[in-house]
Ligand code: AMP
Ligand code: ZN
């Protein structure tokens, strides 16, 4: 097992050696999507980052139980327990049942993550499937004196909790400042304290998703689902809890409070947060309206896009930044990633063609050691990519007959590429994964090129649009026509 791994813990604000509670088992919980609409590329960045972490932990010899939930109830539009229910609003808009909305966008989320070649989590529990567990947890919190009922709702008492525990442990904010910056309660408010948050919300007559509870008919607050489901599947104390950075200040802060108020234990040893994907410096989000859908990115069908980019190009673009750095989206950056990714894949495809010599001009072990060192340093994928391009240079030099490589070094080179490019990064070669498809497409592209030369644009358009409807995009350039899957 790998004992050299260091990871950044938001709880302590420093890098720490990774020491799981009961190695080789590792419990990891990551907050999943709220499935009332399509996931945007920003959401994908967070899930791709945790896929890298999941893959590397497995590669390092750990047996990981990775739990990633689906939020399918209890998410209101406002972050102060107010506003419309997002699912009900969407259901009205699309004239569907709320659970049809949940099903539609859960399937869409899975499709997108499959295109990015991420591994499925070990367990994917839903909030609606764990109402009883949430009610039981709320009862325990009330019994322990950290929550109160008011008119069919239940609120968490932040003031009482913060006298005994550190409510701002994740963000190090000052509680007085937080209070000063939080709107005063108006006379109608049932909450006792300004920072109190809902554990259970009373159903309004028009509320569609509702369940009976000891406090009347209603639905759970957003935060309680993750506390209840992480405890159920990973225990009261587990190793890693993750999500996007935007979740630390409220959602994760409240999760820690709920878990401690219930079991008197801080649930996760390591809290990990991924940084945001931005567009012109602004966080990509559903509400800001700058959220590209992955499908739009693959087809190029968006005003900010100059053309389409394939899923692996986009994934490679993301891996070129460290998961704790912001990453700004731009056409130029994606152009560069596409070139880099093709160079990497071309080199990988040359590996089997290289002929070993008696002696070697290159040593591959130091590159492997540097890659491991970079991954052990808080999953530093950009440094690994720089090292992989060193390997690309070796492959191309040997292929061009300008250098020699021995059989042993060649086998190291193959292992390096196999482990890091495919196992740990989860990349795949999009163009050569299916040789039959390649041959058929070569033929179809030839026919289209001839049709164009004969000015038979009806046929050439028919081929292009027909392929597009099958999920294959053609790209014409001076060098000829290429294709990618969309
Ligand atoms: P949501 O469906 O909004 O609850 O978000 C699902 C996950 O995506 C959460 O972990 C968020 O923190 C994360 N997320 C949201 N916006 C971005 C972004 N622009 N970049 C990276 N992650 C994001
Ligand atoms: Zn959560």
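The values are calculated or read from the model by the stated rules, or taken from the named source; none is laboratory data. Predicted model only: the values in this text are computed from it and were never measured. Glycine also receives a Cβ, built like all others from the backbone with ideal geometry; neighbour counts cover every protein chain displayed.
General remarks:
- In the stretch 215-230, the residues that are near ligand 2 (Cβ under 10 Å from one of its atoms) and in contact (Cβ under 8 Å) with a residue 60 or more places away in the chain: 222, 224, 225, 226, 227, 229, 230
- The stretch 393-486 holds helices (runs of 4 or more DSSP H) entirely within its bounds, and those carrying 1 or more residues that are surrounded by 13 or more Cβ atoms within 10 Å (Cβ to Cβ) and modelled with pLDDT under 85 map to 435-453, 457-469.
- Among the residues listed as 110, 75, 130, the single one being on the phi < 0 side of the Ramachandran plot and away from ligand 1 (no atom under 16 Å from the Cβ): 130
- Taking the numbered list (1) at pLDDT below 95; (2) in contact with a strand residue (DSSP E or B) (Cβ under 6 Å, 6 or more places away or on another chain) in turn, residue 37 passes all entries but (2).
- Among the residues listed as 315, 286, 269, the single one being crowded, with 21+ Cβ neighbours inside 10 Å and away from ligand 2 (no atom under 16 Å from the Cβ): 315
- The listed residues are 190, 176, and the only one of them that is farther than 26 Å from residue 98 by Cα, away from ligand 1 (no atom under 16 Å from the Cβ) and not in a loop (DSSP other than H, G, I, E, B) turns out to be 176.
- Among (1) within 16 Å of ligand 1 (Cβ to nearest atom); (2) surrounded by 19 or more Cβ atoms within 10 Å (Cβ to Cβ); (3) at pLDDT 95 or above - the single one residue 27 does not satisfy: (1)
- Hits in the stretch 224-246 - residues which are part of a helix (DSSP H, G or I), touching a strand residue (DSSP E or B) at 6+ places or on another chain (Cβ under 8 Å) and more than 12 Å from ligand 1 (Cβ to nearest atom): 224, 229, 230, 233, 234
- Matching option when the condition is within 16 Å of ligand 2 (Cβ to nearest atom) and either within 30 Å of residue 96 (Cβ to Cβ) or touching a helix residue (DSSP H, G or I) at 6+ places or on another chain (Cβ under 8 Å) (or both), among 233, 165: 233
- Residue 26 satisfies every condition listed in (1) more than 17 Å from residue 111 (Cα to Cα); (2) within 15 Å of ligand 2 (Cβ to nearest atom) except (2).
- Unmet requirement for residue 44, which otherwise passes all of (1) buried (at least 23 other Cβ atoms within 10 Å of the Cβ); (2) away from ligand 2 (no atom under 16 Å from the Cβ); (3) over 25 Å from residue 114 (Cα atoms): (3)
- For the residues 219, 309, the requirement of being crowded, with 23+ Cβ neighbours inside 10 Å, more than 11 Å from ligand 1 (Cβ to nearest atom) and closer than 30 Å to residue 421 by Cα singles out 309.
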